[in-house]
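I have placed the structure first, in the form of structure tokens, so that the comments after it can refer back to it.
The values are calculated or read from the model by the stated rules, or taken from the named source; none is laboratory data. Owing to the predicted nature of the structure, the values given are computational and were not obtained by experimental measurement. Glycine also receives a Cβ, built like all others from the backbone with ideal geometry; neighbour counts cover every protein chain displayed. When the accessible area is computed, the model is the full protein with side chains, heavy atoms only, and any ligands, DNA or RNA have been set aside. Shrake-Rupley method; radii C 1.70, N 1.55, O 1.52, S 1.80 Å.
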Amino acid sequence: MKKKLHLETELYNDAVKVWPSHGKHILAQYDDDSILVYQAYSPSIGKYAATHQSFMGCTDFSSTRMTWIKTNFLWMMYRSGWGTKSNQEITLGIWLKREAFEKILEHAVHSSFQPDQFASKNDYNKSVAEAKKSDFGFVRLQWDPDHHPSGSPHPNRRAIQLGLKQVKSFYEGDAIVQILDLTDFVAENRSKSVDELIIPKERVYPVPEAIAKKIGLDST
């Protein structure tokens, strides 16, 4: 039987005291076995997934369309407009097995050429082509500016997002421990002041050294 997980929260002002002030980091809520990622969906997909604890069988969900998961709640809120943008009204918190999440990182390819990761653009293009043929599925990696609750970009810290396309472990559910519907939580905090804002508790996720180097992670 799968263990039941819940959302651990804290005040935003407490969180920023312990978050890194700069660099590329995976900020996430996690325990010994699982890590929480976020995605916002249309009601037809989001409600189905929360009810059935899976995307399998949802006629509106397409595994061939890239879905972008984020470990950072505020990045998700920036992207979805705190759940107000069309087809992003339902915010899901998806608990993944840590081993499955790290496997996703292992297969991730940067969304643009990174000279510190590839000897040439040709090598990068070959890597992308090979990744698209992988039986695992295709995973895109982007480092984007982290965001303030207001939506303004953080000047120095980057947040990760991962695009998944035909990643079987995700859409068939083997990687998923539990799916939480966080829509009400988002609505409750949407209009709060920074001093009152409550967010999921997130800390720097410890990535294995080889993977950290591959994805361009910064040390704390």
Log entry: pair-distance distribution for the stretch 113-201, C-alpha pairs binned every 10 Å from zero, whole % per bin is 13, 27, 31, 22, 7
Given the rule -39500 (n - 2.57) for each run of at least 4 DSSP H residues, summed and divided by the residues of the chain, what is its mean residue ellipticity at 222 nm, to the nearest 500 deg cm²/dmol?
-7500 deg cm²/dmol
May I ask for the percentage of alpha-carbon pairs in the chain that lie more than 29 Å from each other?
23 percent
Residue span LYS192 to SER134: 0.36 nm per residue of separation minus Cα-Cα distance leaves a gain in nm of 16.5 nm
Would you grab the residues whose amide H sits under 5 Å from the one on ILE26? Only those 5+ places off in sequence or on another chain, please, with H modelled 1.01 Å from N.
TYR205
Whole-Hz Karplus ³J(HN,Hα) for the stretch 34-50, in order, using 6.51 cos²θ - 1.76 cosθ + 1.60 and θ = phi - 60°, x for Gly and Pro?
9, 9, 9, 10, 10, 7, 10, 10, 5, x, 5, 7, x, 5, 4, 4, 5
I'd like to know how the stretch 1-59 sits against the 2.2 N^0.38 Å rule of thumb: what's its Cα Rg over that expected value?
1.49
Let me know the charge dipole size of the stretch 81-220 about its Cα centre in debye, to the nearest 20, where only the beta-carbon of Lys, Arg (+1) and Asp, Glu (-1) is charged.
420 debye
With respect to the cross-link table entries LYS85/LYS213; LYS17/LYS85; LYS70/LYS97; LYS17/LYS214, which display a Cα-Cα separation exceeding 26 Å?
LYS85/LYS213; LYS17/LYS85; LYS17/LYS214
For the chain, which whole percent of the accessible surface, found with a 1.4 angstrom probe, sits on carbon and sulfur atoms?
48 percent
Where only protein heavy atoms count, and the probe is 1.4 Å, what is the accessible area per residue for the stretch 58-173 in Å²?
47 Å²
Starting from the exponent 0.38 and prefactor 2.2 Å, build the expected Rg for the stretch 30-149 from its residue count and divide its actual Cα Rg by it.
1.17
Taking the Cα atoms of the stretch 60-128, what is the range of coordinates along each of the three principal axes, in descending order and whole Å?
42, 27, 26
Using alpha carbon centroids, what distance separates the stretch 144-216 and the stretch 106-131, in Å?
24 Å
